[in-house]
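Novice: The structure that follows is given in the form of structure tokens.
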Amino acid sequence: MTRVVVLDYGSGNLRSAERALRRVGAEVEVTGDFATAVECDALVVPGVGAYAACMAGLREVRGDRIIGRRLAGGRPVLGICVGMQILFDRGIEHGVESEGCAQWPGVVDRLEADVVPHMGWNTVRAPEESVLFAGMAPDTRFYFVHSYAARKWELHPEPPMIPPLVTWATHGDDFVAAAENGPLSATQFHPEKSGDAGAQLLENWLKDVTR
């Protein structure tokens, strides 16, 4: 079984993520222990709430260093919701700018839509080569709860580097719904709350982890 750690840094639907991963066959541990999180087969970084608060909690358990060390060694990481947002350079909430983990360039800011937060089911536009969304119909829906997102994708590496696969969704305007960038993947929606579709996405990710 794939050994997955759900990183406990005081933010996120930890038990929901744990149950969802167990459902698709993973061996799951919820912990903030540095060595365990660095050495496991795959790491999930959830996140709920304000960007600045999530980053503060993440730094308390050295989560930014855990993520950086894993990625330097090519070890898989999956960010979920605010756990995706903190992978960008910075976030801006209520006029306050906070530094993120800077794994991806760009800023997370408020959605421009008539109704915020974006709460409920929505479709996404995934690239054909996507691993996360493999085998899913274009009208597959996922569960979102957020007021902020990355509304631009700014990482465009030069060949021979492989460009990331970016999935988009629309609520008012377009925003990044998911990204796949080597060992680093993330979703703005909650796969653990997205029923069978979320389970398939997690299963696809685990299969890729163990290839």
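The values are calculated or read from the model by the stated rules, or taken from the named source; none is laboratory data. Model, not experiment: these values are computed from the prediction. No Cβ is skipped: glycine too gets one built from the backbone with ideal geometry, and neighbour counts run over all protein chains shown. We work out accessible area using only protein heavy atoms, side chains counted, and drop any ligands, DNA or RNA first. Shrake-Rupley method; radii C 1.70, N 1.55, O 1.52, S 1.80 Å.
Novice: Which value in deg cm²/dmol, rounded to the nearest 500, describes the helix-derived mean residue ellipticity at 222 nm for the chain, given -39,500 (n - 2.57) per DSSP H run of n ≥ 4 and division by the residue count?
Specialist: Result for the chain, helices only: -7500 deg cm²/dmol.
Novice: Now for a separate question. Could you work out the per residue convex hull volume over the alpha carbons of region 99-210, in cubic angstrom?
Specialist: Residue-normalised Cα hull volume stands at 112 Å³.
Novice: Further question: Calculate the translational D of region 1-45 in whole µm² s⁻¹ from Stokes-Einstein, where the hydrodynamic radius comes from the Kirkwood formula applied to all Cα pairs, the temperature is 4 °C and the viscosity 1.567 mPa s.
Specialist: Reported coefficient: 127 µm²/s.
Novice: Averaged over every viewing direction, what's the projected area of the C-alpha convex hull for region 65-137? Give it in nm², one decimal, please.
Specialist: Average of the hull's projected areas for region 65-137 equals 6.8 nm².
Novice: Find the accessible area per residue for the chain; the probe is 1.4 Å, ligands and nucleic acids are left out, and the unit is Å².
Specialist: For the chain, the solvent-accessible area averages 46 Å² per residue.
Novice: What residues of region 161-188 lie in the reach of a label at Ala113, counting those whose backbone N is under 12 Å from a point 7 Å from the Cα along Cα→Cβ?
Specialist: Once the point is set 7 Å along Cα→Cβ of Ala113, 169-177 turn out to lie under 12 Å by backbone N, inside region 161-188.
Novice: If you bin the C-alpha pair distances of the chain every 5 Å from 0, what whole percents do you get?
Specialist: Bin by bin from 0 Å, the calculated values are 1, 7, 17, 22, 22, 18, 10, 3, 0.
Novice: Counting only protein heavy atoms and using a 1.4 Å probe, what share of the accessible area of the chain belongs to carbon plus sulfur, as a whole percent?
Specialist: Ligands and nucleic acids excluded, carbon and sulfur reach 48 percent.
Novice: OK, next. Any idea how far the Cα center of region 137-169 sits from the one of region 61-133, in Å?
Specialist: Using only Cα atoms, the two centres lie 9 Å from each other.
Novice: Please go through region 1-103 and write out the chymotrypsin sites (Phe, Trp or Tyr not before Pro) that DSSP classes as loop and that have at most 14 other C-beta atoms within 10 Å.
Specialist: Answer by residue number: there is no such site.
Novice: Continuing with the same structure: What percent does the relative contact order of the chain come to when contacts are Cα pairs within less than 8 Å and at least six residues apart?
Specialist: Reported relative contact order: 19 percent.
Novice: Hey, another quick one. If R₀ is 22 angstrom, what is the calculated FRET efficiency for the pair Thr36 and Ala102, using the beta carbon separation as r and rounding to 0.05?
Specialist: Once the sixth-power term is evaluated, E becomes 0.40.
Novice: Using the Cα centre of region 127-198 as origin and beta-carbon charges of +1 (Lys, Arg) and -1 (Asp, Glu), tell me which of Val166, Ser194, Phe133 is placed farthest towards the positive end of the dipole.
Specialist: Toward the positive end, the furthest listed residue is Ser194.
Novice: What is the antiparallel percent of DSSP beta bridges lying wholly in the chain, to the nearest 5?
Specialist: 60
Novice: Taking 0.36 nm per intervening residue step and subtracting the Cα-Cα distance, what contour gain separates Arg141 from Thr210 on full extension?
Specialist: Answer, rounded to one decimal: 22.2 nm.
Novice: Give me the net charge for the shell around Pro183: Cβ to Cβ below 9 angstrom, other residues only, Lys and Arg +1, Asp and Glu -1.
Specialist: Computed value for this residue: +2.
Novice: What's the FRET efficiency of Ile92 with Trp121 using the Cβ-Cβ distance as r and R₀ = 22 Å, to the nearest 0.05?
Specialist: 0.25
Novice: Estimate the FRET efficiency between Arg19 and Trp168 by the formula 1/(1 + (r/R0)^6), using the beta-carbon distance for r and 22 Å for R0, to the nearest 0.05.
Specialist: 0.20
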